[in-house]
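Okay, structure first, notes after.
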Amino acid sequence: MSSRRTKSQPLSDIEIRQIAAEITDGRPPMVWFTADAVGVPEGRSGKVVALGDPAEGDFLQVRPTGSKDVLSFSPTEVTLTKPARAKPPATKQAPKKTTATRKDTAVSMPSTVNPAPTPPGPAPVQPAVTEAPKPAAPAPKPPAKQSQGAAARPAREKSAGTARKSKTPEVTVTLSGTADGEWTVDVTHGKKRTRGLSVPGATVAQAAKILHPEVAEVVDAVLESVRSSQRAKVEQLQAELEQARRLLDDLSG
């Protein structure tokens, strides 16, 4: 058996004029999609937001409910009549089954023989149990306070020494000398820095002997080089002085 779908009736001219009037008033009318609608299920609702040229065929601009898109439809794809809701098919109720319940009656038969009473006997005598005295626990030994104090003292002294050592800033002394015999000292003590302190060569030689033999050896070598250079300079100056005196004597005679 085959079913034939009836073709939907198109919107009449009166209905189209009614839709145009409501759009002009700012009240887009509600329509419902028919079975001829393409891409939209039958019975879904939408609003007509604009009308186009009827010569185009699909001139109804409809925005389906729940969608932001505006689609074009023909007068046969929508209707102003809200479709009736389909009633759900009636469900047959299964007949109730009646179950018979059988009640059992318990029958008790009285006993005709009474048991003879048992005479009470003497209560059993329990022997007295004496517990042996428990030995006294030994007295706890007093803690060795002296040994703990002696062990804790080196730890405190060590930590105190470490704290004092970490708090003491380092001191850096740098001695610099030139070939002309000029000596300067730079001292850095934490964030404080002192540079370019002039020191006489004799003081440098004396301090080097006090510090360490290797330091004194290095400083003596430098001082000896400076002495040799200064002797040569003195001899040169003396020669120039003698020559200047002879020239002066010749000019005076």
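Results, tabulated for the structure shown:
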{"read-out": "When residues of the range 189-210 are limited to those that are within 15 Å of GLY177 (Cβ to Cβ) and of a type in the set (Gly, Ala, Ser), the one surrounded by the most Cβ atoms within 10 Å (Cβ to Cβ)", "value": "ALA208"}
{"read-out": "Per-region count, the range 56-73, residues surrounded by 14 or more Cβ atoms within 10 Å (Cβ to Cβ) and in a loop (DSSP other than H, G, I, E, B)", "value": "3"}
{"read-out": "Matching entry among SER229, SER225, SER252, SER198 (being polar (S, T, N, Q), out of contact with any His (no Cβ under 7 Å at 6 or more places or on another chain) and more than 30 Å from VAL173 (Cβ to Cβ))", "value": "SER252"}
{"read-out": "The range 217-231 residues that are in the same structural domain as ASP180 (by the TED database) and in a helix (DSSP H, G or I), paired with ones that are surrounded by fewer than 12 Cβ atoms within 10 Å (Cβ to Cβ) and not β-branched (Val, Ile, Thr) (beta carbon under 8 Å, 6 or more apart)", "value": "SER225/ALA179; VAL226/ALA179; VAL226/ASP180; SER229/ALA179; SER229/ASP180"}
{"read-out": "Members of the range 6-45 found to be open to solvent by 80 Å² or more (accessible area, probe 1.4 Å) and more than 55 Å from the chain's Cα centre (by Cα), listed by number", "value": "THR6, LYS7, GLN9, ASP13, ILE14, ARG17, GLN18, THR24, ASP25"}
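The values are calculated or read from the model by the stated rules, or taken from the named source; none is laboratory data. Not measured: the values here are computed from a predicted model. Note that we place each Cβ from the backbone using ideal geometry, even for glycine, and neighbour counts take in every protein chain shown. The protein model used for the area step is the full one, side chains on, heavy atoms only, and it has no ligands, DNA or RNA in it. Shrake-Rupley method; radii C 1.70, N 1.55, O 1.52, S 1.80 Å.
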